1. Take Thr114, Thr189, Thr100 and sort them by solvent-accessible surface of the protein heavy atoms, 1.4 Å probe, largest at the top.
2. Give me the net charge for the shell around Glu42: Cβ to Cβ below 15 angstrom, other residues only, Lys and Arg +1, Asp and Glu -1.
3. What is the distance, in nm, between label points placed 7 Å from the Cα along the Cα-to-Cβ direction at Thr100 and at Lys169?
4. Which of the trypsin sites (Lys or Arg not before Pro) across the stretch 108-189 are loop residues per DSSP, with 14 or fewer other Cβ within 10 Å?
5. To the nearest 0.05, what FRET efficiency results for Arg179 and Ser113 with a Förster distance of 45 Å applied to their C-beta separation?
6. If you wrap a convex hull around the Cα atoms of the stretch 93-144, how much volume per residue is inside, in Å³?
7. Based on the mean of other Cβ atoms within 10 Å per residue, sort peptides 139-146, 27-34, 41-48, 207-214 so the most packed one is first.
8. Quick one: if you stick a label point 7 Å off each Cα along the C-beta vector at Glu162 and Asp206, how many nm between them?
Amino acid sequence: VDRLNRQLTALNSIGQALISTLDLDETLDTIIERVTRLMESEAASIILLDEDTDQLWFAAASGEGAEFIRSVRLSLGQGIAGWVAQHGEPVIVPDVSKDTRWFEEFDKGSGLSTRSILCVPLNAKGRIIGAIEVMNKRSGPFDQEDVRWLSSLAALAAAAIESARLHDKSQQETVGRRRAEEELLESKTRLELLIESAPSGILVIDAETHRIVDANPAAVAMIGLP
């Protein structure tokens with residue numbers, strides 16, 4: 001009962017924390033910190049799918065060798081996390097040394113001695129966007145109750161990640177539009193300066209009415225325009 005209460009409280013606090021920010025990096029850091037603590041694991045990681053390359057990248061990690069893990073990219077289907085992201089099914093691996101899907105390069109590069117893994121998919125609106133995995137439960141082997149709790153966390157996480165991504169995309173588009181407007185204004189200003197300072201006369205003629213609509217100082221002086 002105490003564990004259940006702690007987990008429900010933690011799940012609620014995670015939900016509150018995730019809706020308090022739309023920054024993707026902050027969202028990922030919040031998820032990984034709470035997942036590691038709630039699942040009583042030595043390490044955890046969030047793997048996201050790059051849909052342009054069909055590769056998986058480690059967007060967040062905790063525990064020993066976290067910095068190394070963030071630099072790793074996997075093919076879809078590679079490793080236990082890659083298998084989960086490809087098939088969309090949770091998996092418990094009680095002994096990674098006996099599982100052919102285990103990608104042992106992680107331990108060689110990170111220094112972490114992985115014994116067991118629990119991994120569940122990140123599912124956003126029916127689309128697999130990655131996976132969450134936890135390693136080496138401190139209080140014993142991973143079980144189906146852990147699968148249930150991590151899957152609940154993953155549902156919250158997937159929704160928060162998608163919201164943060166959409167926010168980032170919107171911000172980038174806004175910045176892009178603003179930059180384009182600024183560049184257009186700068187180009188217009190430069191063109192106006194060039195025309196004004198040109199030694200030759202320049203007239204701008206309306207194509208439909210054939211009337212003069214603009215003229216630079218050289219043209220004004222040349223033909224006596226008011």
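1. Largest accessible area first, the list is Thr100, Thr189, Thr114.
2. -2
3. A separation of 3.8 nm, rounded to one decimal place.
4. Within the stretch 108-189, the qualifying trypsin sites (Lys or Arg not before Pro) (loop, at most 14 other Cβ atoms within 10 Å) are Lys125, Arg138.
5. After rounding to 0.05, the efficiency reads 0.40.
6. Hull volume over Cα atoms, normalised by residue count, gives 108 Å³.
7. 41-48, 27-34, 139-146, 207-214
8. 5.3
The values are calculated or read from the model by the stated rules, or taken from the named source; none is laboratory data. Source: prediction; values computed, not measured. All Cβ positions, even for glycine, are placed from backbone atoms using ideal geometry, and neighbour counts span all protein chains on display. For accessibility, only protein heavy atoms count, side chains too; no ligands or nucleic acids. Shrake-Rupley method; radii C 1.70, N 1.55, O 1.52, S 1.80 Å.
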